[in-house]
Each structure stands twice: as structure tokens, then as C-alpha cells.
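This is the structure I have questions about; it appears just below.
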């Protein structure tokens with residue numbers, strides 16, 4: 001796993017989904033699902049997360 | 001097995017519902033697919049809306065969805081200087097507002113399907129003919145000659161359709177908000193500006209009762225600023241206002257603050273509302289614009305439906321009307337936003353001391369020159385920042 005969401009911080013707002021340039025993210029109710037085959041670890045979702053809940057490593 | 005409709009709308013926010021209501025009234029068989037089980041939730045905005053839509057859109061704001069009626073907005077400079085702008089509006093309860101609009105659409109004959117996640121488009125010979133969705137563990141195909149993206153910020157399907165609607169960090173504000181009790185409020189929307197308070201954004205206090213308010217912040221996505229830390233600091237620095245405040249809800253989200261997308265239609269496909277970046281670049285409001293877009297798009301869609309022609313040519317009137325109207329206003333406000341980005345807190349203080357609500361109204365309408373000229377006489381050093389407005 002390279003894309004991690006801290007669920008104790010996440011609002012499920014979908015901001016990360018909106019900003020991901022590779023459509024790698026999907027919001028399914030209270031889960032942010034990352035398609036690791038599309039993720040390039042660019043970090044845009046990290047900067048755009050209002051809750052600072054995402055880590056990409 | 002596929003279900004067949006005249007139009008499929010993705011997303012049951014204000015834009016999607018209003019499109020569905022308008023199109024259904026004109027005789028179209030419309031289905032709205034909403035990925036969540038609850039409408040209007042989680043709340044991702046300040047919940048403020050101007051109420052001019054009431055009359056012109058046959059949208060009697062349901063009394064239950066109004067938390068508080070507003071009669072003015074007050075802008076506050078870093079040093080506390082203020083000016084007031086008149087204007088009627090309301091702070092709504094999104095969870096009720098959105099549901100009421102969906103009920104309105106259903107009463108008009110539209111079908112609403114919550115908990116239905118659209119996963120992809122269906123194409124035949126390259127042509128969009130419907131969408132694939134997941135609903136209660138089942139894969140369902142919906143077929144229609146027209147697919148409408150009202151997806152909001154998460155415009156994944158519009159992007160898959162080939163529309164250029166990708167959001168960027170530069171044109172996005174990252175927002176964090178508390179709904180707070182025991183905060184004394186007037187029926188006025190308050191907007192606090194300043195680079196220290198909120199880089200490339202503002203802090204807002206939107207009243208929902210005389211002692212309840214949405215207290216939120218939006219910061220420029222590219223600034224890297226932490227909205228929660230800044231909002232907490234704003235509250236901490238105002239103990240007289242917030243000494244008894246209790247946080248009763250935490251909200252947040254990202255919002256577009258750029259121009260609306262250039263291309264809004266292609267063959268068998270339309271995009272409306274926040275999915276097409278239809279959000280005011282200055283105040284970040286999107287509900288009214290989404291409703292406006294939904295109405296125009298549905299009227300054009302109904303004409304296309306009558307002629308059984310869903311080509312780009314048949315749908316393009318919506319795109320043209322948008323860019324001639326609200327889209328053009330948004331571009332002027334984007335110019336203003338970009339200019340404000342270059343202002344220091346000292347410049348902001350100076351400007352607030354030298355403009356009133358009437359001037360601000362003119363600036364919001366794109367009538368920059370007379371006011372900018374007046375400011376430049378007093379402070380010529382502003383020229384390098386404001387020259388794009390001349």
C-alpha cells in the first residue's frame with residue numbers, strides 16, 4: 001500500500017478524488033479506495049486534503 | 001439487462017435535482033443516480049445561498065431548509081475595517097435543502113436512485129449510450145441517449161467522457177468548517193480577509209440561528225496552508241466572540257475557485273454545476289450557479305429530446321448561454337480573485353478603508369476602472385498588483 005487514509009481524520013468529502021489527475025481514487029461512502037496501478041504518488045491529494053488525513057509513501 | 005431512460009443524471013445535488021425536475025416537467029423520463037445513501041451529506045460548504053433564485057426558478061425555498069434568512073454581507077479587513085453589502089440570502093441546512101430539491105424532482109416525475117455508484121460509461125462504437133453502476137451489490141446498466149454529469153467536485157465520469165474538467169490545486173480552495181453553538185450572530189454573513197488569517201482565501205461566519213453559526217475557512221490549495229490550524233487560530237484570537245462556543249459538527253471539503261469549464265457538452269453528454277467548475281471564484285458559492293446551469297441545460301436537453309438529436313450541435317446552446325451569462329461574470333470575478341492574491345494585508349486594509357458596499361458591488365460586477373483609478377491616486381504603488389483590472 002502506498003496510499004494511506006487515516007480514517008480517524010477523513011471527512012469522506014471526496015476532495016482527493018476531485019484533485020487526483022489519474023482518476024485513481026474513488027469515494028465509496030466512508031472509504032476512499034485507491035487504484036494503486038494508477039497512483040503515481042504525486043502527492044496532490046495530500047496537499048488538497050482539508051483534514052490532512054492522507055499519506056503517500 | 002439494462003434499464004432505459006431519456007436521460008441519466010449523475011449526482012443528486014442541487015444541480016442534478018434541478019435538471020431532473022425541469023427535464024421531467026418537459027416530459028422526459030429522467031433518472032438521477034446518487035452514490036451516497038443520504039442526500040446533502042456530508043456537508044462540505046458554508047451553506048449560504050442568495051435567494052434571487054426563489055422567484056425566477058420556481059424554487060420556493062422550503063421553510064424547513066432555511067436555517068436563517070440573511071440581509072447583508074460584511075467584509076472585514078485584517079485590521080478590522082469593514083464594509084457592508086446588501087443582498088438577501090439564506091443560510092440553509094444542506095441535508096434538508098438537498099433532500100427537498102430531490103423530492104421536488106420526484107414530484108415532477110423524475111426517478112431518484114440513492115446508493116447507486118456510477119463506475120463507468122457505456123459506449124457503443126465510441127458513442128456514449130449509458131452508464132454502469134453498482135447498487136446493493138448488483139451491477140446494473142442504465143441506458144439513455146443523454147448522460148448528464150452533476151457529479152460535483154468529484155467529476156470522474158465527466159473526465160472519463162473526455163471533458164476537460166480536471167481540477168487543479170491552484171484553482172481549488174481547501175476548506176475546513178465547524179458548526180458552532182453559543183456564537184452570538186446577527187443575520188449577516190461575515191467574511192474575514194487577510195494573508196495571515198487565510199492565505200488566498202477567507203474565514204467565514206455564516207449564522208444559522210442567533211447563537212449558531214458555520215465558522216469556516218478556505219485556503220488556496222497551492223499555498224500548502226493547513227486550514228484546521230488556521231481556523232483554530234482565528235477562533236483562539238477572538239475569545240470575546242467564542243468564549244462559550246461549542247463545536248457541534250465538523251465539516252470540510254475542496255472547492256473550485258477558477259473559471260467554469262470551456263466545453264460543457266459533447267455528443268450525448270452534458271456537464272453542469274461544480275463538476276464544470278461553476279463556483280463563484282470570490283465567495284466560493286456553487287448552489288445557485290448549479291441550479292441555473294441545471295435549468296438551462298434541461299431546457300436545451302428537452303429540445304434535443306423532442307428532435308431526437310443529442311449531438312453536440314443540438315446541445316451546444318446550453319454551453320453558449322452559460323458562457324454569455326454566468327460564465328462571463330465568473331471570469332470577471334476570477335480576475336478580481338487573482339488580483340486579491342497579490343495584495344498584502346496592508347494593501348487590503350487601505351482598500352477596505354477606501355471602498356464601501358456600493359463600490360464592492362461594482363467590483364463584483366466587473367466594473368473595476370473607476371474604483372481602481374480612485375485607489376491608485378491615493379496609493380500609486382498598488383499599480384503593479386491591480387493593473388490587470390485597468
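The values are calculated or read from the model by the stated rules, or taken from the named source; none is laboratory data. Bear in mind the structure is a predicted one, so any value in this text is a computation, not a measurement. Cβ sites come from the backbone with ideal geometry, for glycine too, and all protein chains shown count toward neighbours.
Check A:30, A:40 and return the single one that is over 11 Å from the mean Cα position of the chain (by Cα) and either at pLDDT 95 or above or more than 10 Å from chain B (Cβ to nearest Cβ) (or both).
Of the residues listed, the single one that is over 11 Å from the mean Cα position of the chain (by Cα) and either at pLDDT 95 or above or more than 10 Å from chain B (Cβ to nearest Cβ) (or both) is A:40.
Could you tell me which residue of the range B:176-207 is surrounded by the most Cβ atoms within 10 Å (Cβ to Cβ), considering only residues that are within 14 Å of another protein chain (Cβ to nearest Cβ) and more than 15 Å from residue B:45 (Cα to Cα)?
Filtering first and then ranking leaves B:198.
Continuing with the same structure: May I ask you to list the residues in the range B:23-32 that are in contact with a strand residue (DSSP E or B) (Cβ under 9 Å, 6 or more places away or on another chain) and either within 14 Å of chain A (Cβ to nearest Cβ) or over 16 Å from residue B:143 (Cα atoms) (or both)?
Of everything in the range B:23-32, those that are in contact with a strand residue (DSSP E or B) (Cβ under 9 Å, 6 or more places away or on another chain) and either within 14 Å of chain A (Cβ to nearest Cβ) or over 16 Å from residue B:143 (Cα atoms) (or both) turn out to be B:23, B:24.
Sticking with this structure for a sec: Output the residues belonging to the range B:214-244 that are in contact with a strand residue (DSSP E or B) (Cβ under 6 Å, 6 or more places away or on another chain), away from every other protein chain (no Cβ under 12 Å) and in contact (Cβ under 8 Å) with a residue 60 or more places away in the chain.
Scanning the range B:214-244 gives a single hit, B:214.
Could you grab me the full set of residues in the range B:312-343 that are modelled with pLDDT of 95 or more, loosely packed, with under 14 Cβ neighbours inside 10 Å and more than 22 Å from the chain's Cα centre (by Cα)?
The answer is B:313, and nothing else.
Can you give me the ranges of the strands (runs of 3 or more DSSP E) entirely in the range B:67-174 with at least 2 residues that are within 14 Å of another protein chain (Cβ to nearest Cβ)?
B:116-124, B:127-135
Would you mind telling me which numbered condition in (1) at pLDDT 95 or above; (2) closer than 30 Å to residue B:190 by Cα; (3) out of contact with any helix residue (DSSP H, G or I) (no Cβ under 8 Å at 6 or more places or on another chain) residue B:285 fails?
Tallying (1) at pLDDT 95 or above; (2) closer than 30 Å to residue B:190 by Cα; (3) out of contact with any helix residue (DSSP H, G or I) (no Cβ under 8 Å at 6 or more places or on another chain), residue B:285 fails exactly one: (1).
Considering B:288, B:258, B:284, which residue is within 21 Å of the chain's Cα centre (by Cα) and assigned to a helix (DSSP H, G or I)?
Of B:288, B:258, B:284, the one residue that is within 21 Å of the chain's Cα centre (by Cα) and assigned to a helix (DSSP H, G or I) is B:288.
Also, quick follow-up: Which residue pairs have Cβ atoms closer than 9 Å, lie 6 or more positions apart in sequence or on different chains, and pair a first residue in the range A:6-30 that is at positive phi with a second residue that is in a helix (DSSP H, G or I) and modelled with pLDDT of 95 or more?
Matching pairs, first to second residue: A:23/A:17; A:23/B:156; A:23/B:159; A:23/B:160.
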